[in-house]
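Read through the structure below, which is laid out as structure tokens, and then see the notes.
The values are calculated or read from the model by the stated rules, or taken from the named source; none is laboratory data. Just so it is clear, the structure is predicted and the values come from calculations on it, not from any experiment. Here Cβ is always computed from backbone atoms with ideal geometry, including for glycine, and neighbour counts include all displayed protein chains.
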Amino acid sequence: MNVISLTLNEQQIQKLVQAYNEFLVTPNSPYIQYQLKVENCVITIYTSKKVVFQGKDAEIYASSFQVTSTQIYPQAGSDEVGTGDYFGPVCVCACIVQEKDKELLQQLRINDSKQIKDEDIRRIGKQLIQTLPYSLCILDNKKYNQIHDENNMNMIKAKLHNQCYIHLEKKCGKLPAFKVVDQFTPEKSYYQYVSDQPTVIGNIHFETKAESKYDAVACASIIARYAFLQAWDKMEKKYNMTFVKGASSKVDECIIEFVKLYGKDELQNVAKLHFQNTKKARI
């Protein structure tokens, strides 16, 4: 039987109790504040704020609170790119990093893809996809524009993250107990966004700026950026023009140029039309 003991603060305890409220049982000791009998685990919360997880899945239930160190292996992480770019797709990646991968990642000087030049992303990304188990979801612009009216950006991202983890689990047979998402929305909202999906991957840790703290998220960020750049290259080759990344006023000029060459209807295949740039370009 797996046994994990942690000391949590009151906010963490209340979060735990609220998450599994339906599994509350009456404690048999005055020193026990709460006791939860969930699937494959008994969670005992003492008045001292010591929390004991006992059972086959103890590690899974405790993982959300075991973040005193980023050096937890194996770890799965996910991140997305392209959501702030008017042109180009949304790319989401989830990948797994083992402790044995640390040496390679140090050699590659892995960190957040936003801090790495695109030419280096192309080199590093290629190495990572040859080394790490990963899953990649690419949402092209035509599909993005079709679903955006009923799905806001955070909902789209949540569903893509969830789908990446589903694919990764199928690919590897099992996901690590510790899974972390670079947080873009509150945990409660994330699970509301994916509640209508046939399969929902749970027990995820959400943390802002996770790409600069966890190897798996950093690698996922780089692979997603690598895929984004590959899609970008194909887009530029297809239309024989240079597109502008981001959503600045220079993008507005690019929109006007594109529409002159290919027409307004074709814009849906290369751009996220709900961005303000579409109105600003006055096409």
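Observations on the structure shown:
- Each residue in the stretch 201-219 was checked for being part of a helix (DSSP H, G or I) and not small (Gly, Ala, Ser), and 4 of them qualify.
- Count of the stretch 132-146 residues which are in contact with a Cys (Cβ under 6 Å, 6 or more places away or on another chain) and surrounded by fewer than 19 Cβ atoms within 10 Å (Cβ to Cβ): 2
- Residues satisfying the stated conditions in the stretch 263-272, i.e. in contact (Cβ under 8 Å) with a residue 12 or more places away in the chain and over 25 Å from ASP118 (Cβ atoms): LYS264, GLN268
- Looking only at residues in the stretch 211-248 that are polar (S, T, N, Q) and in contact (Cβ under 8 Å) with a residue 40 or more places away in the chain, the one that is surrounded by the fewest Cβ atoms within 10 Å (Cβ to Cβ) is SER212.
- Residues (aliphatic (A, V, I, L, M), part of a helix (DSSP H, G or I) and closer than 14 Å to TRP232 by Cβ) located in the stretch 80-130: ILE121
- Scanning the stretch 166-200 for residues that are farther than 17 Å from ASN154 by Cα, outside any helix (DSSP H, G or I) and aliphatic (A, V, I, L, M) yields LEU175, ALA177.
- Of the residues making up the stretch 221-243, those that are more than 17 Å from GLU119 (Cα to Cα), aliphatic (A, V, I, L, M) and assigned to a helix (DSSP H, G or I) number 1.
- Extreme residue, nearest to the chain's Cα centre (by Cα), among residues of the stretch 228-262 that are β-branched (Val, Ile, Thr) and closer than 27 Å to ASP79 by Cα: VAL244
- Residue list for the stretch 29-79, restricted to those being within 30 Å of ALA218 (Cα to Cα), at pLDDT 85 or above and β-branched (Val, Ile, Thr): none
- Screening the stretch 193-204 for residues that are at pLDDT 95 or above and of a type outside the set (Phe, Trp, Tyr) and picking the one that is nearest to SER135 (Cα to Cα) gives ILE201.
- Just so you know, in the stretch 244-262 the residues that are in a loop (DSSP other than H, G, I, E, B) and of a type in the set (A, V, I, L, M, F, W, C) include one that is farthest from ASN277 (Cα to Cα), and it is VAL244.
- Taken over the stretch 263-278, the criterion of being within 25 Å of the chain's Cα centre (by Cα) and either assigned to a helix (DSSP H, G or I) or of a type in the set (Ser, Thr, Tyr) (or both) is satisfied by ASN269 alone.
- Only one of the listed residues (ASP182, ASP149) is acidic (Asp, Glu) and surrounded by fewer than 20 Cβ atoms within 10 Å (Cβ to Cβ). That residue is ASP149.
- Test: residue in the stretch 42-52 that is without any contact (Cβ under 8 Å) to a residue 60 or more places away in the chain and within 26 Å of the chain's Cα centre (by Cα): no
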